[in-house]
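The values are calculated or read from the model by the stated rules, or taken from the named source; none is laboratory data. Quick caveat: nothing in here was measured; it's all calculated off a predicted structure. Cβ placement follows ideal geometry from the backbone for every residue including glycine, while neighbour counts extend to all protein chains displayed.
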Amino acid sequence: MDLAFILIQLLNGLQYGMLLFLVSSGLTLVFGIMGIINLAHGSFYMVGAYLAWSLASMTGNLATAIAIAIPLTVVLGMALEKLLFRQLYTRDHLYQVLLTYGLILVFEELRSIIWGDDVHGVAVPALLSASIPLTDNLSYPVYRLAISGVCLLLAFALYVLIQKTRLGMMIRAGASNRDMVQSLGIDIKFIYTLVFAMGVALAAFAGMINAPLSSVTPNMGSHVLIICFVVVVIGGIGSVKGAMAASLMIGLAETFGTVLVPEVAGMIVYVLMAIVLVWRPEGLFGRK
Amino acid sequence: MAEPILRTEGLTKRFGGLVAVSDVSLDLQVGEVHVVIGPNGAGKSTLTNLLSGDLPPSAGRVVLEGRDIAGLSSDQISRMGVGRSYQKTNIFLPFTVFENARLAAQSRTPHAMRVFGRAEAYAEINARASAALDAAGLGHRAGRVAATLSHGEQRQLEIAMCLATQPRVLLLDEPLAGMGPHESQRMVELIKKLTADHAIMLIEHDMDAVFAVAHRLTVMVNGEVLESGTPEQVRASPAVQAAYLGGEEMLHG
Amino acid sequence: MNSGALSRWLPWVVVGLFALFPMLESTFYTQLVTKVLIMAIFAMSLDLLVGYTGLVSFGHAAYFGLAGYALALMGPKYEAASLWWTLPASLGICVVFALVTGLLVLRTRGIYFIMVTLAFAQMLFFVFHDTKLGGGSDGIYIYAKPTMNLGETVLVNLEKLDQFYWLVLFFTAATYFLLRRILGSSFGRALVGIKVNEHRMRALGFPVFRYQLASFALGGALGGLSGYLAAVQFGFVNPEILSWHQSGMVLMMVILGGMGTLHGAVIGAFAFVLLQEVLSNQAWFGIAAKHWQLAMGILIMLVALYMPQGLAGLMNGFRRKPQAEAEEGADG
Amino acid sequence: MSVNDSFDRRGFLKGSAAIAGAAAVGTALPSGMAFAQQGKLKIGLMLPYTGTFAQLGVAITNGFKLAIDERGGKLAGREIEFVTVDDESNPAKAPENVNKLVQRDKVDVVIGTVHSGVVMGMAKVLKESGTLWINPNGGAGAMTGAACAPNFFRTSFSNWQTTHALGKVLKAKGHKTAVFITWKYAAGEEMMEGFKEGFEKEGGKLVKELYTPFPQVEFQALLTEIASIKPDAVVAFFAGGGAAKFLKDYQAAGLKGKIPLYGSGFLTDGVLDAVGDAAEGVETTLHYADSLDTKKDKAFRLAYAKTFKLQPDVYAVQGYDAGQLLAAGLEAVKGNVADKAGVIKAMEAAKIDSPRGPWTLSKAHNPVQDMYLRKVVGKENKSMGVAWKGLADPARGCKL
């Protein structure tokens, strides 16, 4: 492999990392800030993708579909929080595991009933459908770069929201001490509902803008679930910065792993996670 | 003066840029109650945590019977004979009072890792647990679930668990906090009784109790030792008077 | 001490009743119950970690699969291996894996612990899935069931369904009583203490790490026992037996049955399998049976929301807190 | 592959003994007796009805039932009772699930399944029970290879078959070097072997085997590697969502049109609606194609569409042929399924008039069938003719 291809692989790794960040950003919020183990994160991702597909085929436009779908997922998130998750905050994590495991089954079956078991595709928006030539026979899809851009924007927005805004301050305070925030007269219940809904919407949004790239398939959620947890855990729970760093690390490790040591490529992510956690049990950017 | 059983030399703890305990040197002797006082945030609890191994010191030494134990883990230090109670009640709420004490007693025996015999089958562990409960005045509560005890009783259980590990050094972090006058009185009596064969470090805000039991007094402010000596010396210290604007009431701060 | 006497005798009665089961002469149900008893061992081994030591492992299938693959790979290919050495060797491998990974994973707590245990299990999954070592993703056969001979006499013929059933029942009962014994011992009490208040245990002078490691290894060995028996039962192992779904399933069994109660783990294993059998039964639910996982999902959610102590808690009518229950359960 | 190793002698003999015993019982009965009045024939369907392969399970079930409907809802005059088990495509539960059919429901014949790993789990149980088994999809080579048995039949393909003919195809197009890309799992590796053998026999060189962990669908790194290797052709096997994504990524990376893409037919089956023009022109080999234009195929497609309001696919054909094969076996013994040897003999000799074209069974009970070269044109896998007439799986290790 010559230098040019090493550089392209580097680009692949970074771009894949961005994609991972995008997919796991919702989990960073729900898992990191609210401390909820949400196994159904992948299901929200799937719901987003199916919504994008069905609305895009109705309206003929992905952007319109996303604009319609996001409010729907926010409502879904709020409803789930109010009806289900609210009852579990004070309980052991295990009940969240149980509840969200049940949710996976429910969502997967509802998907089967509503949308069927087919594989679907969503067309890349015409505006972004071009490719940029890299070598004589390889080019890079603009849509992938656009997703990277969206991902950077999202990372920045999340960072600003959590670190710089009043709402973010309340969220952070609520994460570290629920009772204290409550006693300050802040409506912690509302904040939790909001954060959870944001988490659901982010997961679904990732599914939506990833749909043209990944195609829309049954069980697509369970495939991304574990990797999302790996991202959040390696990065350090509650750290947007950490999630970004971990995503890029994993992206690069998987890319070069697949190329250089294909025999053990499947293991690489988990070896990476084990090494990081043994070295820093609280993750790269986690609080001790 | 007898050789101290435990002493610190230049003990320091930093949290990032914050120095919580700065260059503290003090010693504890069997037969003596050494009281540490100071305003909130003076570093008293951090000091206790450094001695008990709950936190590793950033610098300095902790010498227990001639051996530097700084940096050892809390269970190692505990097994060397240093027992502590916690400022916030730290017991096994779902267990019975007796089981709380029994577990504590169990930690001191070679049976601790035994896998087959029934836990209650060891007479000497049971006896030690009962003795500790009796000493702490909780003998009549042995069968109750710890979570159902009153706050004062839970504080007593905290001490009982500490005693059941048969320590020679006792680190008591505000044992009177939240206790009524009657319970406080009983605790003071208990501490006095324990003084004979224990070296005790007591952190306390209740000045009546402090002066009732203290053989020596150390005043901490901002992580540093402001003054250390007999209660009379400390009371007379101009530095302490200056720091506290002259009123011993203010020492409650 | 009515309930004490009950908790002393009831398990024996249950074991006795189970022992009669093969008399019904239903090959299928004998095999099914064998399988569920094996899952009960699996669930109890995890309950030791989750319910009693406070170690929420999300990678427990690693041991289940490891022991199965150990049996498949250790024995001579076309001849029967002796259980006398393959079983201890399989469990030994599980213990070694538990000790090595335990040294690393026990440095982490809470959510991190859940994830690191998952990471190690996934690594093992890919070892068997991606390499030819154990037949890759299609799995590998164990051509002949192990033998259990004493000299020249066949002590237990594992080829015979009912004899294998009784052997599994023996191991299930042995696991139950062994764990009960251990949990009632000084060691076991310390484990529960660690679950309730790890920090305090340390301050009392307990070398917490060693206790956790010992518990982790024991849980791994018993998990391995179930995996070994499962591999013997059908003579087939596949990477899927150590996937995270399998780890998730056994965790569901433990929580469904009621954490921190050994009999809860057994009940959970039975309930889980039974639920699936009933819900996916086309004769009863017709077309709707195709979507049996929907009903399963809803039931699981209801348990999470309204039955925190699981089925075992339901049986006790919510009378006691799980921990108090744990201590009583440790009688015996 | 250890499953490719032969079964132990004992197990093998036991299986054969079961069959022989059944045969003895069967022949002991007076021949020519009518068995129509016997109870219902119990058919166990063990297929995925949930999860990734749910769609395939449904198509196979539909095809199978269509074959029976065409015979008036009966086989050899016997009424049918179906028992279904959802195998969830979970190999860990496979033995237990097939056991439900064999031991609990005591079915006369088992039909299943899609997932190779589950097929291997079924094989273990069915070998011991000797129950008649028709596999309408899962292509694990071992089933009709090292693990073959008299009671095992397959109406679909072996993984090896689906790519073997590509060697000839590539040679004919003048490609001398190729790269094979697939998931790292057994089916992928078997297809790679099938292609490699076929291609090397023709003097081609497989320069690199590229694997990505299953079911990972991030292909960018491997596409970059393909671009740097610059082979004459790329051969791929992915299925379902993975196939759709691969086709789109291949196009988006600009490789399409520069390095021609070939594949096992599953690469372009069932995903053409999802990939837009990304698959246009991609050539694959498979035992079925759209627009075969035979009378049988037309009739089948019409009947299927009418009955189920769906377009049939290769899976439906395989299910349909499973029904046809079973019918052939049962008709020969006039519905007396207890005459297992008779059924087996008749099935072995059957010439199936399939929508895919006529086929027979090899000694190892795998179809000997024509492999079509297909080209994606619009939304169709258009047949470009037969790439390999009567391709048989080598059935290595099978002692039948």
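Some points to look at:
- When the stretch D:358-393 is filtered for residues that are assigned to a loop (DSSP other than H, G, I, E, B), closer than 23 Å to D:Gly319 by Cα and out of contact with any helix residue (DSSP H, G or I) (no Cβ under 6 Å at 6 or more places or on another chain), the ones remaining, listed by number, are D:Ser362, D:Lys363, D:Ala392.
- Output for the stretch B:60-86, where each listed residue is assigned to a loop (DSSP other than H, G, I, E, B) and not hydrophobic (A, V, I, L, M, F, W, C): B:Glu65, B:Gly66, B:Gly71, B:Ser73, B:Gly81, B:Tyr86
- Here D:Leu210 meets the list (1) away from every other protein chain (no Cβ under 12 Å); (2) buried (at least 22 other Cβ atoms within 10 Å of the Cβ) almost entirely, failing just condition (1).
- Those helices (runs of 4 or more DSSP H) lying entirely in the stretch B:187-253 with at least 2 residues at pLDDT below 90 and closer than 21 Å to B:Leu28 by Cα: B:207-213, B:231-236
- Qualifying residue in the stretch C:227-238 (condition: in contact with a Ser or Thr (Cβ under 6 Å, 6 or more places away or on another chain), closer than 26 Å to D:Thr52 by Cβ and surrounded by 22 or more Cβ atoms within 10 Å (Cβ to Cβ)): no
- Residue tally, condition over 10 Å from the mean Cα position of the chain (by Cα) and closer than 17 Å to B:Leu28 by Cα, over the stretch B:167-186: 2
- Matching residues in the stretch A:81-106 - criterion: being more than 8 Å from chain C (Cβ to nearest Cβ) and surrounded by fewer than 20 Cβ atoms within 10 Å (Cβ to Cβ): A:Lys82, A:Leu83, A:Arg86, A:Tyr89, A:Thr90, A:Asp92
- Some residue of the stretch D:196-211 being free of Cβ contacts under 8 Å to residues at least 60 places away in the same chain, of a type in the set (Ser, Thr, Tyr), over 18 Å from A:Ser215 (Cα atoms) and part of a strand (DSSP E or B): yes
- Failed criterion for B:Thr89 (all others in (1) at the interface with chain C (Cβ under 7 Å from one of its Cβ atoms); (2) assigned to a loop (DSSP other than H, G, I, E, B) hold): (1)
- Subset of the stretch A:117-145 [without any contact (Cβ under 8 Å) to a residue 24 or more places away in the chain, more than 7 Å from every other protein chain (Cβ to nearest Cβ) and not in a helix (DSSP H, G or I)]: A:Ser129, A:Ala130, A:Ile132, A:Asp136
- Hits in the stretch C:246-271 - residues which are away from every other protein chain (no Cβ under 12 Å) and either among the small types (Gly, Ala, Ser) or part of a helix (DSSP H, G or I) (or both): C:Leu262, C:His263, C:Gly264, C:Ala265, C:Val266, C:Ile267, C:Ala269, C:Phe270, C:Ala271
- Comparison of B:Arg128, B:Arg168, B:Arg141 shows that the only residue that is within 22 Å of B:Val36 (Cα to Cα), basic (Lys, Arg), modelled with pLDDT of 90 or more and surrounded by 15 or more Cβ atoms within 10 Å (Cβ to Cβ) is B:Arg168.
- Test: residue in the stretch A:236-250 that is part of a helix (DSSP H, G or I) and closer than 20 Å to C:Phe125 by Cα: yes
- Looking across D:Val119, D:Val83, D:Val58, D:Val98, one residue alone is within 11 Å of chain C (Cβ to nearest Cβ), of a type in the set (A, V, I, L, M), assigned to a strand (DSSP E or B) and in contact with an Asp or Glu (Cβ under 9 Å, 6 or more places away or on another chain). It is D:Val83.
- The listed residue being under 13 Å from C:Met39 (Cα atoms), among the small types (Gly, Ala, Ser) and free of Cβ contacts under 8 Å to residues at least 60 places away in the same chain, out of C:Ala271, C:Ala295, C:Ala288, C:Ala203: C:Ala271
- Members of the stretch C:303-315 found to be over 21 Å from the mean Cα position of the chain (by Cα) and at the interface with chain A (Cβ under 8 Å from one of its Cβ atoms), listed by number: C:Leu305
- Residues (in a helix (DSSP H, G or I) and buried (at least 20 other Cβ atoms within 10 Å of the Cβ)) located in the stretch C:96-110: C:Phe97, C:Ala98, C:Thr101, C:Gly102, C:Val105
- Considering residues of the stretch C:49-78 that are among the aliphatic types (A, V, I, L, M) and touching a Gly at 6+ places or on another chain (Cβ under 7 Å) only, the residue surrounded by the most Cβ atoms within 10 Å (Cβ to Cβ): C:Ala67
- Of the helices (runs of 4 or more DSSP H) entirely within the stretch C:160-216, those holding at least 1 residues that are away from chain B (no Cβ under 14 Å) and over 16 Å from B:Ser74 (Cα atoms) occupy C:161-184.
- Residues in the stretch A:56-78 that are in a helix (DSSP H, G or I), over 20 Å from the mean Cα position of the chain (by Cα) and surrounded by fewer than 20 Cβ atoms within 10 Å (Cβ to Cβ): A:Ser57, A:Met58, A:Thr59, A:Thr64.
- Test: residue in the stretch A:128-138 that is closer than 16 Å to C:Ile298 by Cα and of a type outside the set (D, E, K, R): no
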